[in-house]
1. Can you order the peptides 121-128, 263-270, 62-69 by their average number of other Cβ atoms within 10 Å per residue, highest first?
2. Given region 96-245, report the % of alpha carbon pairs whose separation exceeds 21 Å.
3. If you average over every viewing direction, what projected area does the convex hull of the Cα atoms of region 55-125 give, in nm²?
4. Going out from 0 in 10 Å bins, what whole percent of all Cα-Cα distances in region 192-244 drops into each bin?
5. Residue separation times 0.36 nm, minus the C-alpha to C-alpha distance between Phe15 and Leu30: what's the value?
6. Can you flag which of Lys283/Lys444; Lys78/Lys100; Lys96/Lys275; Lys96/Lys283; Lys78/Lys159; Lys100/Lys413 are past 23 Å Cα-Cα?
7. What ³J(HN,Hα) values, in whole Hz, does the Karplus curve 6.51 cos²θ - 1.76 cosθ + 1.60 give for region 430-444 when θ = phi - 60°, with x put for Gly and Pro?
8. Give the dimensionless ratio obtained when the Cα radius of gyration of region 257-320 is divided by 2.2 N^0.38 Å.
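The values are calculated or read from the model by the stated rules, or taken from the named source; none is laboratory data. Note that the structure is a prediction, hence the values are computed from the model and not measured. When we count neighbours, we look across all protein chains shown, and the Cβ atoms used for this are built from the backbone with ideal geometry, even at glycine. SASA here: full protein model, heavy atoms, side chains in, ligands and nucleic acids out. Shrake-Rupley method; radii C 1.70, N 1.55, O 1.52, S 1.80 Å.
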Amino acid sequence: MFDNTKQERKPKGHFARYRQIVMVLAKYRLEEVLRYIGMQKYFAFRWVLRGNPLRKMVYTKPERARMAIEELGTSFVKLGQILSTRADLLPPAYIKELSKLQSSLKPLPIEVMKKVINDELGRSADEVFSSFDPHPIGVASIGQVYSGALADGTEVVVKVQKPGVPELVEEDMYILGRAAVSATKQWKGSQQYDLVGITQEIADTIKTETDYIQEGHSAEYLARFFQEDQTIHVPRILWEYTTERVITMERIHGIGILDVQSLDKAGFDRRELAKRSVSLWMKMVFEGEAFHADPHPGNLFVEPDGRLGLVDFGMVCPVDDEVRWHLANALKAIMERNADLLIDALIELGAVSLRLEGYRARLRKDVKYVMVHYPTIHLQKRSESVNSSLGQLFTLLRRNHLQLPSNTFLLLKTIVMAQSLGRGLDPDFDILPMLESSVVGIFKKRYSLTAALGRLPAAAAEMASLAGGLPQRLDRMMKTVERGEIQVRADVSGVERYIHQLKQLVNRTVIGIIVAAIIIGLALFFRGFGMGS
């Protein structure tokens, strides 16, 4: 979205937007932000601050930040919404305030949105749809959602992107990219965060969400993933009426997953719904190639026939077996209260500052403190313990100035949100058995006979390469000795270097054999364990 190699370019074409951003930040008394991001030079009328009516109003800094974001518009609202999910980066007061951005947006007039439909589909909404409700059923920072019907009677949902969004996002993300670079140079605390990396991740996320073609493909992936499960319904994408800025899909009718009164009235078993709803996300996280990263109650419905209808595919994130393996280790560490295993797992998951000297010791101290002061509680409340532990983990990450890659963080966040979803349906819901089963499944898969055999060719090739090269290296060393080259030199460090290389080769070969034996042994153990169970 923005190019760091061009950060020194003078932003002549963006001056108006720079000035607008600066004026809004000054209006809401966020002048320190201007200093951090190096934008104070764009604010030439500092005397205006003295007459700022907001100076006499009592608002907290988080409230003023939220108000400024709302006034700055689409891309900043989306930025705030994304940050409201990042408990590893922001304190609770900011998370709480920015979460209000999810439901405080006002819709644009229907005439404006119908023009987008006409420009994208080449026909007016009245020509494309036999009916089109002018009142949106949903308003987001990027688009608005409407209900309608096609000529054949098919009921549809139409998401229409607000005009000018891609261009505005492109400009704002460029400006934010420059601001991140500037803050890295001017703010002492910036060295504890990868500000440029965070900004780039957010830019990539927003760019993906502005592409409705990608959203359609994400919906189709999840439809294929759940095609064998007749209890889950992913709406069909109607590609004839879909572009990058307009997406049309079949409409799902149902009861909101947390509308407990309506669910009870319809006779649904909420305990069973809790298990099914959470298992839907656990299956995506632990078995799929991607997962729906927004288990918001508004994205899941219970249809009259009992199927779970899943909607909104703007945030579908990839996941692979390696990340799942490290996630399983992190969850295992939390459940077993193993501080060192948790820290190792966080390092492998990509926690930024953990690789820096001194951070591990400090984090280990904090982790041990939490584990001592929040011991495992009674079994009937153990899911609360897991949920609390994940919440404490986010607090630890923030306090130690650590950050995870966005997809990794969203994995953990999705588990927390899924847990909350289950508890909203059934106060006694326990996510722990699902987590334990998923973690055990990953460990068994990792050390299965099939997986071990699959890794053997690569291990054998590496061992063969080591063994094949060993005689040649030994021959070169012996000839060097015979020629007397080592004796002639006054500095005999060459001998030590050769000996060290020889030791490394031998050690690696022996270790390779041992590792291969361990893998096969574990595979046979788990195979026997599985057969026995």
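1. 62-69, 121-128, 263-270
2. Working: 6447 of 11175 pairs.
When all Cα pairs of region 96-245 are counted, 58 percent exceed 21 Å.
3. Details: hull surface 26.1 nm².
Spelled out: convex hull of the Cα atoms, projected over all directions, averaged, 6.5 nm².
4. 21, 34, 26, 15, 4
5. Details: separation 15, 0.36 × 15 = 5.40 nm, distance 1.96 nm.
Residue separation times 0.36 nm, minus the Cα-Cα distance, leaves 3.4 nm.
6. Working: Lys283/Lys444 16 Å; Lys78/Lys100 12 Å; Lys96/Lys275 28 Å; Lys96/Lys283 29 Å; Lys78/Lys159 16 Å; Lys100/Lys413 18 Å.
Pairs exceeding 23 Å: Lys96/Lys275; Lys96/Lys283.
7. 10, 7, 4, x, 5, 5, 4, 4, 5, 5, 4, x, 5, 5, 5
8. The reported ratio for this selection is 1.18.
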